[in-house]
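Since the structure comes first, as structure tokens, the remarks are kept for the end.
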Amino acid sequence: MNIASASLSQLSDSSKRVGNRLLTIAENRIELLTVEVQQERDRLFHALLLALGLATLGLLALMALSALVVVLFWAHSPVIALGVLVTLYAGGGVCLYARLRGLLRDWETLPATLDQLRKDRECVEQMFD
């Protein structure tokens, strides 16, 4: 009877240690997720502020450039003046589109958290194999 109660006590202690470790691991992963979410939020906010500044200054520059092109070429040909503007705006739009596609293609959300969860899964799979 003593052996059975000792085994039950050891099993209970082992279960508590495993439970404690699982809770610690879960707590660490949640903290990592929280930190990464905050970093993503800050990065997104920074990107939005930069985009807003870029859009504002770009619009002002394009308005001034448009006025310059119209003034310079209007006497020669209004069609050339408008064609040059269309070409400049289309080229700028294509460049911005290409950069945006590159940014979205390379964007990774919460990479450290996902990597750590993959490692945890592999560790658990190795324990039960």
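Among the residues examined, Ala75 qualifies as surrounded by fewer than 10 Cβ atoms within 10 Å (Cβ to Cβ), over 29 Å from the mean Cα position of the chain (by Cα) and over 30 Å from Met127 (Cβ atoms). Here Leu85 qualifies as assigned to a helix (DSSP H, G or I) and surrounded by 13 or more Cβ atoms within 10 Å (Cβ to Cβ). Can you spot a residue in the stretch 19-27 that is surrounded by 10 or more Cβ atoms within 10 Å (Cβ to Cβ), among the β-branched types (Val, Ile, Thr), touching a helix residue (DSSP H, G or I) at 6+ places or on another chain (Cβ under 8 Å) and touching a residue at least 24 places away in the same chain (Cβ under 8 Å)? Within the stretch 19-27, one or more residues are surrounded by 10 or more Cβ atoms within 10 Å (Cβ to Cβ), among the β-branched types (Val, Ile, Thr), touching a helix residue (DSSP H, G or I) at 6+ places or on another chain (Cβ under 8 Å) and touching a residue at least 24 places away in the same chain (Cβ under 8 Å).
I'd like to check something: does the stretch 41-54 contain any residue that is part of a helix (DSSP H, G or I), farther than 21 Å from Arg118 by Cα, modelled with pLDDT under 85 and under 43 Å from the mean Cα position of the chain (by Cα)? The answer is no, given that none of the residues of the stretch 41-54 is part of a helix (DSSP H, G or I), farther than 21 Å from Arg118 by Cα, modelled with pLDDT under 85 and under 43 Å from the mean Cα position of the chain (by Cα). Of all positions in the stretch 109-120, none carries a residue that is without any contact (Cβ under 8 Å) to a residue 12 or more places away in the chain, in a helix (DSSP H, G or I), hydrophobic (A, V, I, L, M, F, W, C) and loosely packed, with under 10 Cβ neighbours inside 10 Å. Just name the residue that is farthest from Ile30 (Cα to Cα) out of those in the stretch 65-113 that are of a type in the set (D, E, K, R) and modelled with pLDDT of 85 or more. Among them, the one singled out is Arg99.
The values are calculated or read from the model by the stated rules, or taken from the named source; none is laboratory data. All of these numbers come straight from a predicted model, not from anything done at the bench. In this analysis, Cβ positions are derived from the backbone assuming ideal geometry, glycine residues included, and neighbour counts consider all displayed protein chains.
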